[in-house]
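The values are calculated or read from the model by the stated rules, or taken from the named source; none is laboratory data. Here the structure is a predicted model, which means the values were calculated and not measured. When we count neighbours, we look across all protein chains shown, and the Cβ atoms used for this are built from the backbone with ideal geometry, even at glycine.
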Amino acid sequence: MEDPISNGDRIDFKALVENSVDVICCSGFDRIVRYISPSCFNLLGWKPEELIGRGPEAYILAEDLPLLDTARDNILAAEDQTDLTAVRMQRKDGSVVWVEINVRLVHDSVTGEPKEHVIVMRDITERKIAEEAAMNFQFLTEHSADIICRAGMDRVIKYISPSCVQLLGWNPEERIGRMIDDLILAEDHPVFAAAYTRLLMPGAQAVSGTARARKKDGTTAWIEANGRLVRDPATGEPQEVVLVMRDITERKMLEEKLSALALTDSLTGLMNRRSFDESLTREWKRAVRHGSQVSLLFLDLDHFKRFNDQYGHQAGDGYLRAVAEAVSDAVRTTDRVARYGGEEISVILPSTSAAGAAEAAEKVRSAVEALRLSHEGNPEGKGWVTVSVGVATAVARRGEIADGMPKALLEAADSAMYKAKHEGRNRVATAAVIVPADE
């Protein structure tokens, strides 16, 4: 079977990552660098090959290394499994830069155990210098590309910098005296309220988070907000919060595109094998929660090698795309279609009985046959492109996980597909329903 991430995916991913101004890094759970983008040379003066295989001790100041342990704890505790922190890094020439690192934890798709970190690093030296040497608040705020805002503990805005016009379309006077919550989409209000609460925790000085902001024209923008608590110098009581907000819409779009590339087959546009495995596991867990069932179709294009040999691989790619589209159109919008391997396509049918799955399989088989794509090397299909379809169904018992069931369901559907081939191709074969073993 082919690598589920096609060459096309790699090329797209490489173009996105290697042209990013931010440094993008992948490290194992042991924090050893596995990949780092070429922009590390601009940030740190190191070539990628000089950092791959090394740990953070090679470029992060020793005094800041404990921050990585704190970040790891925060990631494991956070709902979105991300953390944003700032550390000092030593460039190859010995100079020091402040770097903001946005870390996302990636779990093993099979075991669910923490596997690696994807890190986006940005040079924030200038911002740090500005923060630490803010002798003239008015000058800095009115000339900052970021939005700088002062809000009371009641979250009412006391001051907001002119850059809110460029970023959100609002004039400062339109926001002063109103709650900062009004700038945030209602769905993200809990995130913002929680950040304010965290600021009041003992020892807390600053918090950060991301949310969607409401622009004056009705559109939205993703913002990254860093908040610092200001206390009354006489009483020590919380007085106000200073927020620095930055538009990260482009970064969010990049992250979403990278995520989609990692889960999509570039040739057909279907889910790839990785996405299929995750979806099947997720659907099985849902079936267990509800005491339901999951069915699976596993189909293989008949005599695909002969087709490639006779018509060429380019025609074969077109053949696969047409079949993928026909299969997708033949099933429900709630069903999940994936390219599992070279010419193998799988369909997850949530909450579907064996009878319903057999009916869906026949509908898929007929839809492919109805394409009337010529295939002289397929006599069983009377000279047309056809598929052999295997069907399997697993019944869940409420609350009983049965971790091996997704694999068993896949193997049963695969065996049924081979049975369909041995019985003459261009047909549907059904495996026995898999039911939980009695206690």
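Residue by residue, here is whether (1) buried (at least 20 other Cβ atoms within 10 Å of the Cβ); (2) under 30 Å from A221 (Cβ atoms) holds:
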site: T249; (1), (2): no, yes
site: S259; (1), (2): no, yes
site: T268; (1), (2): yes, no
site: L280; (1), (2): yes, no
site: Q293; (1), (2): yes, no
site: G312; (1), (2): no, no
site: R321; (1), (2): no, no
site: R339; (1), (2): yes, no
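Consider the stretch 17-33 and keep the residues that are surrounded by 13 or more Cβ atoms within 10 Å (Cβ to Cβ) and among the hydrophobic types (A, V, I, L, M, F, W, C). The one that is farthest from the chain's Cα centre (by Cα) is I32.
Candidates in the stretch 28-73 are the residues that are among the aliphatic types (A, V, I, L, M), in contact with a Pro (Cβ under 8 Å, 6 or more places away or on another chain) and in a helix (DSSP H, G or I); of these, the one that is nearest to E100 (Cα to Cα) is L68. One residue stands out among those in the stretch 156-208 that are under 17 Å from V242 (Cα atoms) and in contact (Cβ under 8 Å) with a residue 60 or more places away in the chain: the one that is nearest to the chain's Cα centre (by Cα), which is S208. Just the residues that are more than 24 Å from the chain's Cα centre (by Cα) and under 14 Å from V387 (Cβ atoms), please, taken from the stretch 335-354. If the condition is that a residue be more than 24 Å from the chain's Cα centre (by Cα) and under 14 Å from V387 (Cβ atoms), then G342, E343, E344 are the ones that fit.
Just checking, does the stretch 52-72 include any residue being modelled with pLDDT under 90 and under 22 Å from the mean Cα position of the chain (by Cα)? There is at least one residue in the stretch 52-72 that is modelled with pLDDT under 90 and under 22 Å from the mean Cα position of the chain (by Cα). Of the residues making up the stretch 301-334, those that are outside any helix (DSSP H, G or I) and either under 29 Å from the mean Cα position of the chain (by Cα) or not assigned by TED's automatic domain parsing to the domain that holds H422 (or both) number 4.
When the stretch 348-374 is limited to residues that are among the aliphatic types (A, V, I, L, M), touching a Phe, Trp or Tyr at 6+ places or on another chain (Cβ under 8 Å) and buried (at least 17 other Cβ atoms within 10 Å of the Cβ), the one that is nearest to N272 (Cα to Cα) turns out to be I348.
Matching residues to (1) charged (D, E, K, R); (2) farther than 27 Å from R286 by Cβ; (3) in contact (Cβ under 8 Å) with a residue 24 or more places away in the chain; (4) assigned to a loop (DSSP other than H, G, I, E, B):
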{"position": "T352", "(1), (2), (3), (4)": "no, no, yes, yes"}
{"position": "E359", "(1), (2), (3), (4)": "yes, no, no, no"}
{"position": "G377", "(1), (2), (3), (4)": "no, yes, yes, yes"}
{"position": "G390", "(1), (2), (3), (4)": "no, no, yes, no"}
{"position": "R397", "(1), (2), (3), (4)": "yes, no, yes, yes"}
{"position": "M417", "(1), (2), (3), (4)": "no, no, yes, no"}
{"position": "K421", "(1), (2), (3), (4)": "yes, yes, yes, no"}
{"position": "A429", "(1), (2), (3), (4)": "no, no, yes, no"}
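Checked against the criteria, S295 counts as assigned to a strand (DSSP E or B) and at negative phi.
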